[in-house]
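Colleague: Here you go, one structure.
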Amino acid sequence: MLKPDKFAPTLFPIDLAAIASILAFSILILLLLISGNICRGDRCWIDTRPKVAEFSWQNQVIRAADNAFVVEFNRPMDHQGVEDHLKLTIPDKPEITDPLPGRFSWAGRRLAYTLNFPAPYGDRYHISLSNAQEKFRGSNELGQEMQPFEAVFRTPDRILAYIGLDRSEAGRLVLYNLTQQRKTLLTPPNLVVTEFQPYPDGQSILFSALDGSNTGSSILEQQLYRVTTGISLAMDPQERPTTAAGQVSLVLDNQTHQLLNFDLSADGSIIVAQRISRENPTDVGLWLLRQGRDPVPLENQPGGTFQIAPDNALIAMAQGEGIALLSLEPGAEPLDFLAQFGMVLDFSPDGTTAAMVDFNRDDPDLLYTRSLYLVTNQRTQEKIFDTQGSIVNCQFDPRGENLYCLLTTLLEGQEYREQPYIAQVNLDKKEIQPLTTLPDYQDIHLSVAPDGLALLFDQIVTDPEGNSSLQTDAGESISDSQIWLLIPSVDPEKPPVLETLPFIGIQPQWLP
């Protein structure tokens, strides 16, 4: 009879379970290495195929400034295969086969897709990718096919704001959602809105207003306010917003200084207000307002109209017969003075270029003409065109390639008359394409849509004997106004689309 070796190990049940687990996992790993996954029917326990690790626009609401998305993979991929199989669609508009044309670029496992044009507003987009394969560096062989990927994102609704004129809307800030065909009154009846600027996220609007309950109050009694729009930033635009519309808060009062004008920076972080002291009417200057801080005077010389540059580093302000470039640091010396120009119209979206007007006061060959120039932050100047009429307003499109301008042409005759018209100015070709002619010029406000696909403008009617609290720059009472929608044609052979919108108001503006 054999005697058991006293040194032989004794296997307890827990040891047997551990050994069994090790064997099972070893077999599982071997099977995964052979087949890539273990599946039963259409379900897999572990899927080792390459996949999309991150998509930067997943369930996001993107705006015109969002010009590129990034797709990151967990494995090196065959670039051409990915580009060939990536699909972008608008589910509600299947007839549009290429809604977001753009270009690809790669950095390792990261794919960037840059749009040629801003994504049109008011749409829901679907992105899908399948059938692409992995490809490791230094190998000409294609590997496993990727896991199918799908995601959605959307652009904001097409929304505009205007100052109402009709009955209960008179003097109030009105929001109109063109996508959902829904109107919202934002401000109370007692506030008469005079000017406004939307914040870049569309969640609120900065506006100046005077108290209409105080009869006879002048424009100098206006104060600066902020009101919420109640716009939802969720994937479902019908979802209840986090902040209700119409919540008004005071930003700047008129106790010590009267408000003349204001501007909001492109990122919404800075407000610059032009104020006049109640104690000393000769004390007129710009004041800087930052969130949560008291207003600070910039201590600049008095001037006229002004704009904050997109980089938040300077202000362009009309002073005397030129344009002063002022620092946003209180008490700083002026940065530069452009004596040649008399008006700043707009800054390009990237902030590198400004459209300015030269009144040609010192050029006898161009006397009584005006010239449009592009002036860069390197102080280079490029003339775009000369005109014997007026250059009233110009705004860059989202790509900075065109200007949409309100211009006038001088009509022949003994009486001096100007015919206003709206035109598209191609900055590369320096070509002016008239879009529509207007019957008369009266404080026309022009607004270019954030996606560049449409324009808004108003046409007002004045009453010399009226007593409306809303007045033109010349002090005439505004009795009526029509708001128009202008859609330029992508085909130069086809005329633009021009239609009236079903409400009465002034100063229409698109929300960003």
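The values are calculated or read from the model by the stated rules, or taken from the named source; none is laboratory data. This structure is a prediction, so every number in the text was calculated from the model and none was measured. Please note: Cβ atoms are built from the backbone with ideal geometry, for glycine as well, and neighbour counts cover all protein chains shown. All accessible areas refer to the heavy atoms of the entire protein, side chains included, with ligands and DNA or RNA removed. Shrake-Rupley method; radii C 1.70, N 1.55, O 1.52, S 1.80 Å.
Colleague: Condition test on PHE341, is it touching a Gly at 6+ places or on another chain (Cβ under 6 Å) and over 18 Å from PHE262 (Cα atoms)? Let's see the steps before the verdict.
Modeller: Values: touching a Gly at 6+ places or on another chain (Cβ under 6 Å): no; over 18 Å from PHE262 (Cα atoms): yes.
So PHE341 does not fit the description; no.
Colleague: Condition test on GLU95, is it open to solvent by less than 100 Å² (accessible area, probe 1.4 Å) and of a type in the set (Asp, Glu)?
Modeller: Numbers: open to solvent by less than 100 Å² (accessible area, probe 1.4 Å): no; of a type in the set (Asp, Glu): yes.
No: the conditions fail for GLU95.
Colleague: Output the residue which, of all residues in the range 480-500 that are without any contact (Cβ under 8 Å) to a residue 60 or more places away in the chain and not in a loop (DSSP other than H, G, I, E, B), is nearest to LEU165 (Cα to Cα).
Modeller: Filtering the range 480-500 for residues without any contact (Cβ under 8 Å) to a residue 60 or more places away in the chain gives 482, 484-485, 487, 489-495, 497, 499-500.
Next, from what is left, pick out any that are not in a loop (DSSP other than H, G, I, E, B): 482, 484-485, 487, 497, 499-500.
Details: GLN482: 10, TRP484: 15, LEU485: 18, ILE487: 24, VAL497: 25, GLU499: 19, THR500: 16 Å.
Here the answer is GLN482.
Colleague: OK, next. Before we move on, is GLU418 farther than 25 Å from ALA161 by Cβ, among the acidic types (Asp, Glu), free of Cβ contacts under 8 Å to residues at least 60 places away in the same chain and touching a strand residue (DSSP E or B) at 6+ places or on another chain (Cβ under 6 Å)?
Modeller: Values: farther than 25 Å from ALA161 by Cβ: yes; among the acidic types (Asp, Glu): yes; free of Cβ contacts under 8 Å to residues at least 60 places away in the same chain: yes; touching a strand residue (DSSP E or B) at 6+ places or on another chain (Cβ under 6 Å): yes.
Taking the combined requirement at face value, the residue satisfies it.
Colleague: Here's a follow-up. Starting from the range 292-311, take each residue that is on the phi > 0 side of the Ramachandran plot and list its partners that are assigned to a loop (DSSP other than H, G, I, E, B), counting only C-beta distances under 9 angstrom and pairs at least six apart or across chains.
Modeller: Short answer, once both residue conditions are applied: GLU299/PRO330; GLU299/GLY331; GLU299/ALA332.
Colleague: Here's something else I'd like to know. Quick one: is VAL461 closer than 22 Å to LEU160 by Cα, in contact with an Asp or Glu (Cβ under 7 Å, 6 or more places away or on another chain) and open to solvent by 40 Å² or more (accessible area, probe 1.4 Å)?
Modeller: Values: closer than 22 Å to LEU160 by Cα: yes; in contact with an Asp or Glu (Cβ under 7 Å, 6 or more places away or on another chain): yes; open to solvent by 40 Å² or more (accessible area, probe 1.4 Å): yes.
It is true that VAL461 is closer than 22 Å to LEU160 by Cα, in contact with an Asp or Glu (Cβ under 7 Å, 6 or more places away or on another chain) and open to solvent by 40 Å² or more (accessible area, probe 1.4 Å).
Colleague: May I ask you to say which residue of GLU141, GLU169, GLU150 is open to solvent by 10 Å² or more (accessible area, probe 1.4 Å) and free of Cβ contacts under 8 Å to residues at least 12 places away in the same chain? Even if it seems obvious, please write down each step before you answer.
Modeller: On the way: GLU169 fails: free of Cβ contacts under 8 Å to residues at least 12 places away in the same chain; GLU150 fails: free of Cβ contacts under 8 Å to residues at least 12 places away in the same chain.
One residue alone meets the criteria, GLU141.
Colleague: Here's another thing I want to ask about it. Taking the range 178-225 as the search range and keeping residues that are small (Gly, Ala, Ser) and assigned to a loop (DSSP other than H, G, I, E, B), which one is farthest from ILE276 (Cα to Cα)? Talk me through it step by step, then tell me what you get.
Modeller: Initial filter on the range 178-225 (small (Gly, Ala, Ser)): 202, 204, 208-209, 212-213, 216-218.
Subset that is assigned to a loop (DSSP other than H, G, I, E, B): 202, 212-213, 216-218.
Working: GLY202: 30, GLY212: 21, SER213: 23, GLY216: 20, SER217: 16, SER218: 14 Å.
Per the stated criteria, the residue is GLY202.
Colleague: Same structure again: Of all residues in the range 310-367, which are open to solvent by 40 Å² or more (accessible area, probe 1.4 Å) and among the charged types (D, E, K, R)?
Modeller: ASP311, GLU321, GLU329, GLU333, ASP336, ASP350, ARG361, ASP362, ASP363, ASP365
Colleague: Would it be correct to say that LEU115 is at pLDDT 95 or above, of a type in the set (A, V, I, L, M) and either touching a strand residue (DSSP E or B) at 6+ places or on another chain (Cβ under 9 Å) or open to solvent by 60 Å² or more (accessible area, probe 1.4 Å) (or both)? Talk me through it step by step, then tell me what you get.
Modeller: Details: at pLDDT 95 or above: yes; of a type in the set (A, V, I, L, M): yes; either touching a strand residue (DSSP E or B) at 6+ places or on another chain (Cβ under 9 Å) or open to solvent by 60 Å² or more (accessible area, probe 1.4 Å) (or both): yes.
Answer is yes for this residue.
Colleague: Can you tell me which residue within the range 224-281, out of those that are of a type in the set (Val, Ile, Thr) and open to solvent by 20 Å² or more (accessible area, probe 1.4 Å), is nearest to GLY122 (Cα to Cα)? Before you say what the answer is, go through the steps one by one.
Modeller: Our first condition is that a residue be of a type in the set (Val, Ile, Thr); within the range 224-281, this holds for 227-229, 231, 242-243, 248, 251, 256, 270-272, 276.
So of that shortlist, the ones also open to solvent by 20 Å² or more (accessible area, probe 1.4 Å) come out as 228, 231, 242-243, 248, 251, 256, 276.
On the way: THR228: 20, ILE231: 13, THR242: 20, THR243: 21, VAL248: 27, VAL251: 31, THR256: 44, ILE276: 42 Å.
Among those that are of a type in the set (Val, Ile, Thr) and open to solvent by 20 Å² or more (accessible area, probe 1.4 Å), it is ILE231.
Colleague: Quick one: in the range 55-92, of everything that is in contact with a His (Cβ under 8 Å, 6 or more places away or on another chain) and not in a strand (DSSP E or B), which residue is surrounded by the most Cβ atoms within 10 Å (Cβ to Cβ)?
Modeller: This residue is ILE90.
Colleague: Confirm whether PHE347 is within 30 Å of LEU511 (Cβ to Cβ) and hydrophobic (A, V, I, L, M, F, W, C).
Modeller: Values: within 30 Å of LEU511 (Cβ to Cβ): yes; hydrophobic (A, V, I, L, M, F, W, C): yes.
Considered against the rule, which asks whether it is within 30 Å of LEU511 (Cβ to Cβ) and hydrophobic (A, V, I, L, M, F, W, C), PHE347 comes out as yes.
Colleague: Kindly indicate the residue of the range 186-220 that is more than 27 Å from the chain's Cα centre (by Cα) and under 18 Å from ASP263 (Cα atoms) and also least open to solvent (accessible area, probe 1.4 Å) among those meeting that condition.
Modeller: Checking each candidate, the answer is LEU210.
Colleague: Something else: Might you let me know whether the range 461-482 holds any residue that is over 19 Å from LEU406 (Cβ atoms) and at pLDDT 90 or above?
Modeller: No, that holds for no residue.
Colleague: If ASP443 passes every condition in (1) assigned to a strand (DSSP E or B); (2) more than 21 Å from the chain's Cα centre (by Cα); (3) surrounded by 16 or more Cβ atoms within 10 Å (Cβ to Cβ) but one, which one does it miss?
Modeller: For ASP443, the exception is condition (1).
Colleague: Shifting gears a bit: In the range 427-436, is there at least one residue being over 21 Å from PHE196 (Cβ atoms), among the hydroxyl-bearing types (Ser, Thr, Tyr) and open to solvent by 60 Å² or more (accessible area, probe 1.4 Å)? Quick ask: steps written out before the conclusion?
Modeller: Of the range 427-436, the ones over 21 Å from PHE196 (Cβ atoms) are 427-436.
If we keep only those that are among the hydroxyl-bearing types (Ser, Thr, Tyr) too, we end up with 436.
Narrowing the set further to residues that are open to solvent by 60 Å² or more (accessible area, probe 1.4 Å) leaves none.
Looking for residues that are over 21 Å from PHE196 (Cβ atoms), among the hydroxyl-bearing types (Ser, Thr, Tyr) and open to solvent by 60 Å² or more (accessible area, probe 1.4 Å), one finds none in the range 427-436, hence no.
Residues checked against (1) modelled with pLDDT under 90; (2) in a loop (DSSP other than H, G, I, E, B):
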site	(1), (2)
GLN395	no, no
ARG399	no, yes
GLU415	yes, yes
PRO420	no, no
VAL425	no, no
ILE432	no, no
LEU435	no, no
LEU456	no, no
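Colleague: Test GLY246 against the criterion of being small (Gly, Ala, Ser), over 30 Å from SER348 (Cα atoms) and in a loop (DSSP other than H, G, I, E, B), and give yes or no. Outline the logic, then answer.
Modeller: Working: small (Gly, Ala, Ser): yes; over 30 Å from SER348 (Cα atoms): yes; in a loop (DSSP other than H, G, I, E, B): yes.
Considered against the rule, which asks whether it is small (Gly, Ala, Ser), over 30 Å from SER348 (Cα atoms) and in a loop (DSSP other than H, G, I, E, B), GLY246 comes out as yes.
Colleague: Among what's in the range 172-185 and is without any contact (Cβ under 8 Å) to a residue 24 or more places away in the chain and among the charged types (D, E, K, R), pick the residue that is least open to solvent (accessible area, probe 1.4 Å). Break it down into steps so the answer makes sense when it comes.
Modeller: Let us first name the residues in the range 172-185 that are without any contact (Cβ under 8 Å) to a residue 24 or more places away in the chain, namely 172, 177, 181-182.
Cutting the leftovers down to among the charged types (D, E, K, R) gives us 172, 182.
Values: ARG172: 34, ARG182: 112 Å².
The qualifying residue least open to solvent (accessible area, probe 1.4 Å) is ARG172.
Colleague: May I ask you to list the residues in the range 81-105 that are among the hydrophobic types (A, V, I, L, M, F, W, C) and under 23 Å from ALA65 (Cβ atoms)? Explain how you work it out, then say what you get.
Modeller: At the first step, the residues of the range 81-105 found to be among the hydrophobic types (A, V, I, L, M, F, W, C) are 82, 86, 88, 90, 96, 100, 104.
Passing the criteria: LEU86, LEU88, ILE90, ILE96, LEU100, PHE104.
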